[in-house]
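Student: Could you have a look at this structure, given as structure tokens, before my questions?
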Amino acid sequence: MGKLTLTDINKYFKTVHAVKDVSFDVEEGEFISLLGPSGCGKTTTLRMVAGFEEVSSGVIHLADREITYDQPFQRNTGMVFQNYALFPHMTVEQNIAFGLRMRKADPARIPDRVGRALDLIQLPGYEQRMPHELSGGQQQRIALARALAIEPAVLLLDEPLSNLDAKLREDMRIEIKQIQKKVGITSVFVTHDQEEALILSDRILVMHEGRIVESGTPLDIYSHPTSAFAASFIGHSNVMQGTMSELDTEQLVVTTEGGLVVRGPKNPQLSIGDQVLVFVRQERMSIHTGAPDGSSTQNLIPAEVLIHTFVGPTIEYICRAGGHELRIRRPNEGHIPRVSAGQHVHISWEPSDCIVIRQ
């Protein structure tokens, strides 16, 4: 096991600057996710750690050794690919043992190491199966076992769940988390799926246009983002544009372009007159069909219901308030409030539920 450190990493593809001054540490045994949309540079960053892409500038250290320009086989890394990359003509045992044989492991010990890897992924006895005889989830488990069998210093996972169906993805998230914690291996996980990153990670690095724009624990990234991109990319938020109109020792007030007056938490980095974006998570808003009690909140606005939808565990509403179209997600508690298109309601949320970021 070992600590992974990237310092001022850049990658150019001819004139395209794909990765820009990326620096981060992954502590021994830590699980981090590189999260971002397609084309943000996250997979390129991972491939530079693995040695599959050459670094244009910067330095990579693994377990106190510089590996920046080492060949992939010289780095003590294990890789799990999006498409599994199992050898179709090899048995499960041969696939798992491949990396061990390439590293000239003791042949007498290889069967035992393969068996332990299969026990770890809960597929004992699958040694003689062929890849085409396995389900997608089983193939992904074998790919994970192959990466872990060589006992790497760091495990690299490149969107390994993207080809699985929704239910299997949920199951595999939990399995990966359990296996990683059991082995205690330093891990870097690349994904565009925010839910995967929130569930699996000790820490999330949000990437946008080749840069890391946000870093923190899942709770911090979700509840207290400091960049507009992270606030909009992670979670489901209502976004209102406006101007800081008041500021006191406890709260700030934003007058939105849609004519709403919104109260949020004090932010010493903002001043009156600043152009800001106000983000409010959809699940933090409440909808009131009767006369609301406004004593517990300072954001209480009249609205008109446009549509409501049953989505299993949640009920979703789309309402018009001032010049804004707001979406509200509420837990399904066994009944759907009787609302209809055109009905007038009130929407409320606490000032502390606002994320206010300068434009």
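Values in this text are rule-based calculations from the coordinates and carry no lab data. Since the model is a prediction, treat every value here as computed from it, not as a measurement. All Cβ positions, glycine included, derive from the backbone under ideal geometry; neighbour counts span all protein chains shown.
Student: Filter LYS14/LYS167; LYS42/LYS181; LYS11/LYS266; LYS42/LYS167 down to the pairs with a C-alpha to C-alpha distance above 30 Å, please.
Tutor: With Cα atoms farther than 30 Å apart: LYS14/LYS167; LYS11/LYS266.
Student: Please report, largest first and rounded to whole Å, the three semi-axes of the ellipsoid equivalent to segment 309-358, where each semi-axis is the square root of five times an eigenvalue of the C-alpha gyration tensor.
Tutor: Details: eigenvalues 97, 48, 19 Å².
Computed over segment 309-358, the values are 22, 16, 10 Å.
Student: So what's segment 1-74 giving for Cα Rg divided by 2.2 N^0.38 Å, two decimals?
Tutor: On the way: Rg = 12.0 Å, N = 74, 2.2 N^0.38 = 11.3 Å.
Rounded to two decimals, the normalised Rg is 1.06.
Student: If you don't mind, another one. How large is the direction-averaged shadow of the alpha-carbon convex hull of segment 163-208, in nm²?
Tutor: Working: hull surface 14.1 nm².
Mean orientational projected area (segment 163-208, Cα hull): 3.5 nm².
Student: Reported to two decimal places, what Rg/Rh ratio describes segment 29-139 when computed on Cα atoms with Rh from the Kirkwood expression? Write down the numbers at each step before the final one.
Tutor: Working: Rg = 16.4 Å, Rh = 16.3 Å.
My calculation puts Rg/Rh at 1.01.
Student: Can you give the three extents of the C-alpha atoms in segment 188-310 along their principal axes, from longest to shortest, in whole Å?
Tutor: Ordered largest first, segment 188-310 gives principal extents of 49, 41, 24 Å.
Student: Next question, about the same structure. Report Rg/Rh for segment 241-307, rounded to two decimals, where Rg is the Cα radius of gyration and Rh the Kirkwood radius. Walk me through the intermediate numbers first.
Tutor: Working: Rg = 13.2 Å, Rh = 13.3 Å.
Ratio of gyration radius to Kirkwood radius: 0.99.
Student: Let me ask you something else. Please report, in whole Å, how far the alpha carbons of the chain spread along each principal axis, starting with the longest.
Tutor: 76, 47, 34
Student: Hey, another quick one. Towards the positive end of the charge dipole of segment 208-349, with charges on Cβ (+1 Lys, Arg; -1 Asp, Glu), say which of ALA228, ILE212, ILE301 has the farthest Cα.
Tutor: ILE301
Student: Considering the Cα trace of segment 144-238, what is its radius of gyration and what is Dmax, both in angstroms?
Tutor: Taking only Cα atoms of segment 144-238, I get Rg and Dmax of 14.2, 47 Å.
Student: With only alpha-carbon pairs counted, each pair once and no self-pairs, how large is the Kirkwood hydrodynamic radius of segment 78-128 in angstroms? Numbers along the way, then the final one.
Tutor: Details: mean 1/r = 0.0867 Å⁻¹.
The Cα-based Kirkwood calculation yields 11.5 Å.
Student: Please identify, among THR186, THR43, THR249, the residue showing maximal mean-square fluctuation in a Gaussian network model of the chain using a 10 angstrom Cα cutoff.
Tutor: Looking only at THR186, THR43, THR249, the largest GNM fluctuation is found for THR249.
Student: Here is a further query. Using a simple spin-label model with points 7 Å from Cα along the Cα→Cβ vector, what separation in nm is obtained for ARG320 and SER245?
Tutor: In this crude label model, ARG320 to SER245 measures out at 2.1 nm.
Student: Then there is this: Taking a temperature of 10 °C and a viscosity of 1.306 mPa s, what whole-number D in µm²/s does Stokes-Einstein yield for segment 189-247 with Rh from Kirkwood over alpha carbon pairs?
Tutor: Numbers: Rh = 12.5 Å.
Estimated diffusion coefficient is 127 µm²/s.
Student: Can you give me the relative contact order of the chain as a percent, contacts being Cα pairs under 8 Å and 6 or more apart? Mind showing how you got there, number by number?
Tutor: Numbers: 761 pairs, mean separation 56.1, N = 359.
The value is 16 percent.
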